[in-house]
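Peer 1: Input: one structure, supplied below.
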Amino acid sequence: MQIRIGLLGCGTVGAGVVSLVRRRADRVADMTGLRPIVKTILVRDTQKDRGVSFIDERLTTSPEDILADDDIQIVVETIGGIEPKTYILEALSRGKHVVTANKDLIALHGPEILQTAAAHGVSVLFEAAVGGAIPLVGPLKENLTANEVTDLKGIINGTTNFILSQMTTRHIDFAEALQMAQELGYAEADPSSDVDGLDAARKLVILASIAFHTEVHLSDVRVEGIRHITATDVRYADEAGYVIKLLAVGRDRDGELTLAVRPTLIPKNHPLAHVSDAYNALFVRGDAAGDLMFFGRGAVVCRQRARLSAISLRSCGI
Ligand code: HSE
């Protein structure tokens, strides 16, 4: 049996979804009995070169071609930003499951989106909203259900981790490291949401809501970025046996939550001290499981790899 997907947006991430669904459709069908196919893709411009040639997928500029199509059971949102909220709520209200990696939207409107999904008996999955391909949401929501999670400590912004790693290993200052991050495609032209800690704070809101079973708001998080960190700070930390990381911290002490994103001195022998470049990691403490650490490529590395593979697909004429 086929399961049809409507894709909202077809930039680097959306084009990656199209090729991954094609490549893995057989495997998913073998495992689940359901063969996923991308039926319709919402784009702004149907003529634009996206590095993949569309075979069976239909490109459209009308959201109704997806939202009103009863044949489509899953909507995958890859537009980003807050704007797709209307489409997501509409899709859920019409009985479609939604998959999104949109951390801004989930951090700001998660409760409304989840309530709408529950009211219509469908699911919203947002695993990739935090930590790229590292499974974090699933383990916190499902595998660790029997635990009382008391602590989250994470390096959940790849751009700032890359910048701080360069400052540590090359002894360069913030401005030079930021320029490198921009040249390599890690940092955006306007890097403020990364370097001022907002991106990590939004991800922390998502993780803390799940881990601590409560509604968490962005205003609950104390946020400090890394702009003011100097090469001298990094050198003094090094001499004292520490590295500086932008750490997202969530702590639950008998229902009292402390939530913060801030540059933090990490002892060099702590596992988080070894998470360098644009990698992400999340350290979790549960009363039954003890200490756990999840490590891997964050979204920023995945995005760069997706861009590179889109370029190589294009250059191979696929
Ligand atoms: N800008 C983010 C980061 C990538 O640097 O981690 C998307 O989550």
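The values are calculated or read from the model by the stated rules, or taken from the named source; none is laboratory data. For clarity, every value in this text was computed on a predicted model and none was experimentally measured. All Cβ positions, even for glycine, are placed from backbone atoms using ideal geometry, and neighbour counts span all protein chains on display. Each accessible area value is taken on the protein alone, full model and side chains, heavy atoms only, with ligands, DNA and RNA left out. Shrake-Rupley method; radii C 1.70, N 1.55, O 1.52, S 1.80 Å.
Peer 1: Exactly one condition in (1) open to solvent by 10 Å² or more (accessible area, probe 1.4 Å); (2) under 23 Å from Thr100 (Cβ atoms); (3) in contact (Cβ under 8 Å) with a residue 60 or more places away in the chain is false for Ala200; which is it?
Peer 2: (1)
Peer 1: I would also like to ask the following. Tell me which residues, restricted to region 210-220, are of a type outside the set (Asp, Glu) and either within 16 Å of the ligand (Cβ to nearest atom) or not in a loop (DSSP other than H, G, I, E, B) (or both).
Peer 2: Selection gives Ile210, Ala211, Leu218, Ser219.
Peer 1: Within region 165-186, how many residues are within 12 Å of the ligand (Cβ to nearest atom) and open to solvent by less than 10 Å² (accessible area, probe 1.4 Å)?
Peer 2: Qualifying residue count for the region: 1.
Peer 1: Then there's this: What's the total number of residues in region 263-290 that are open to solvent by 60 Å² or more (accessible area, probe 1.4 Å), assigned to a loop (DSSP other than H, G, I, E, B) and not aliphatic (A, V, I, L, M)?
Peer 2: Residues in region 263-290 being open to solvent by 60 Å² or more (accessible area, probe 1.4 Å), assigned to a loop (DSSP other than H, G, I, E, B) and not aliphatic (A, V, I, L, M): 4 in total.
Every residue, every condition in (1) at negative phi; (2) away from the ligand (no atom under 12 Å from the Cβ); (3) of a type outside the set (D, E, K, R), yes or no:
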residue	(1), (2), (3)
Ser192	yes, no, yes
Arg202	yes, no, no
Arg222	yes, yes, no
Gly241	no, yes, yes
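Peer 1: Can you spot a residue in region 26-47 that is outside the structural domain of Val205 (by TED's automatic domain parsing) and touching a residue at least 60 places away in the same chain (Cβ under 8 Å)?
Peer 2: no
Peer 1: Residue by residue through region 62-116, note down the ones that are among the basic types (Lys, Arg) and within 24 Å of Leu207 (Cβ to Cβ).
Peer 2: Passing the criteria: Lys85, Lys103.
Peer 1: Let me ask something else about it. Against the definition (farther than 18 Å from Ser209 by Cβ, within 13 Å of the ligand (Cβ to nearest atom) and modelled with pLDDT under 95), how does Val300 come out, yes or no?
Peer 2: So Val300 fits the description; yes.
Peer 1: While we're here: Quick one: which of Ala240, Ala260 is open to solvent by 60 Å² or more (accessible area, probe 1.4 Å) and among the aliphatic types (A, V, I, L, M)?
Peer 2: Ala240
Peer 1: Please state which of the following conditions Val149 fails to meet, knowing it meets all the rest: (1) assigned by TED's automatic domain parsing to the domain that holds Val75; (2) more than 16 Å from the ligand (Cβ to nearest atom); (3) not polar (S, T, N, Q).
Peer 2: Among (1) assigned by TED's automatic domain parsing to the domain that holds Val75; (2) more than 16 Å from the ligand (Cβ to nearest atom); (3) not polar (S, T, N, Q), the lone unmet condition for Val149 is (1).
Peer 1: Can you report the number of residues in region 271-296 which are more than 15 Å from the ligand (Cβ to nearest atom) and over 24 Å from Ile210 (Cβ atoms)?
Peer 2: 2
Peer 1: Considering only region 5-54, state which residues are surrounded by fewer than 19 Cβ atoms within 10 Å (Cβ to Cβ) and under 15 Å from Val99 (Cα atoms).
Peer 2: Answer for region 5-54, where residues must be surrounded by fewer than 19 Cβ atoms within 10 Å (Cβ to Cβ) and under 15 Å from Val99 (Cα atoms): Leu20, Val21, Ile37.
Peer 1: Now for a different question. Is it true that some residue in region 190-209 is assigned to a loop (DSSP other than H, G, I, E, B), modelled with pLDDT under 95 and more than 18 Å from the chain's Cα centre (by Cα)?
Peer 2: yes
Peer 1: A further question follows. Please specify each residue of region 133-146 satisfying the condition of being assigned to a helix (DSSP H, G or I) and either touching a Ser or Thr at 6+ places or on another chain (Cβ under 9 Å) or away from the ligand (no atom under 16 Å from the Cβ) (or both).
Peer 2: The answer is Gly138, Pro139, Leu140, Lys141, Glu142, Asn143.
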